[in-house]
1. What list of ³J(HN,Hα) couplings, whole Hz, do you get for the range 166-182 from phi and the Karplus terms 6.51, -1.76, 1.60, once you set θ to phi - 60° and write x for glycine and proline?
2. Give the dimensionless ratio obtained when the Cα radius of gyration of the range 212-254 is divided by 2.2 N^0.38 Å.
3. Once you treat every alpha carbon in the range 15-59 as an equal point and sum by Debye, what is log10 I(q)/I(0) at q = 0.21 Å⁻¹?
4. Ala218's amide H: which non-local residues (gap 5+, or another chain) put their own amide H closer than 5 Å, with H modeled 1.01 Å from N in plane and none for Pro or chain starts?
5. Accessible area per residue, 1.4 Å probe, Å², for the chain: what's the number?
6. Counting only residues 5 or more places away or on other chains, whose amide H sits under 5 Å from the amide H of Ala223 once H atoms are built in the peptide plane?
7. How are the Cα pair distances of the range 137-192 distributed, in percent, across 5 Å bins from 0?
8. Taking a quarter of the surface of the Cα convex hull of the range 1-119, what do you get in nm²?
Amino acid sequence: MTQPQPLGPVLHSFFASHLITIRGLRPASVRSYRDTIRLFLVFVAADKGCKITRLTLADLTFDRVVAFLRHLEHDRGNHASTRNQRLAALHCLFGYVAGREPEMLATCQQVAAIPVKRAAPPETRFLERDEIEDLLRHLPRDGPLALRDRALILFLYNTGARAQEAADLRAGHLDLGEHPLVRLHGKGGKWRTCPLWQQTARLLTGLLGPAGPPAPGAPVFAARGQPLTRYGIYKITRRHASRFDDPRTGRQVSPHTFRHTAAVHLLESGVEVNVIRGWLGHADLATTNRYAEINTKTKLAALQAAEPQDISAGSRANPIWRSDQSLLNWLASL
């Protein structure tokens, strides 16, 4: 009789070897997988009526995966997008199991065939230019944390950095010379370079400079000598920008709001979408294209450029192709 395959060694190998070593996922991504797998194991153990430590690979069935996804939506009240994120993690887990345990292949193929649900993307919220100017104008200038908070807010707007990218920023990632630059470590372990405004560079220089040149590994944004966390950056953002929340549109300003704002303002300034994609570190151009969809000012300018001549008053002008002379003049102008 075949002994049941224990689940522990497979899960340990999935996280330690596959996700961290082979795929090189960052800690935040690994934690996202961890949360999904933990929820799934708790659900499976409750469904089987045993401890999690008693689960085997054979307990991870297709029917339980389907029931777990239903549990997320109906019992936990998760949105379809959250359900899809959890499903993506399970797809990855079962794909790994299929290559390691051939006897599980049929189940893994069934799980791989579970489709994602269609879900409308979350609406993108951003700040208008006058709101950004108002925010920067009224940021505190005095106090022990004023310089740090001011540098952080301007840095987020300047670079469109994610909160985790700002939290991971170290002094060695900055070049504050004549043409200031910053190297950001983004999703998937990818690095990208963003230019910095002179005023951003001055604030960062002041933030790092009082005690002399810092070590390359010193955190740029810190509290009590320790790097700020994503939550710490969120709290600073809320402290200074919560007054720009808009209940009518559901806008609640967060660090990611500055990322959206940077993208929209770059687009309004005429920067090409592909450049913005590289600026923000998007892997897919379609992700960046959504900013063109929400940019009302660009749409208004296009509408005004395409507006036909007002012929409601007076005689109607003949179209260009109805008059020989007009047509010949137009052809000659080409």
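1. Once rounded to whole Hz, the list reads 5, 5, 8, 5, 10, 4, x, 8, 9, 10, 9, x, 4, 10, x, 9, 9.
2. Numbers: Rg = 14.7 Å, N = 43, 2.2 N^0.38 = 9.2 Å.
Normalised by 2.2 N^0.38 Å, the Cα Rg of the range 212-254 equals 1.60.
3. Summing over Cα pairs of the range 15-59 leads to -0.73.
4. Placed amide hydrogens put Ala171, Gly172 under 5 Å from Ala218.
5. Values: 19690 Å² over 334 residues.
For the chain, the solvent-accessible area averages 59 Å² per residue.
6. Leu228
7. 4, 16, 25, 24, 17, 10, 3, 1
8. Values: hull surface 30.8 nm².
Spelled out: convex hull of the Cα atoms, projected over all directions, averaged, 7.7 nm².
The values are calculated or read from the model by the stated rules, or taken from the named source; none is laboratory data. Please read all numbers here as calculations on a predicted model, not as lab measurements. Ideal geometry is used to build each Cβ from the backbone, glycine not excepted, and the neighbour counts take in all protein chains shown. Note: areas computed on protein heavy atoms with side chains; ligands, DNA, RNA excluded. Shrake-Rupley method; radii C 1.70, N 1.55, O 1.52, S 1.80 Å.
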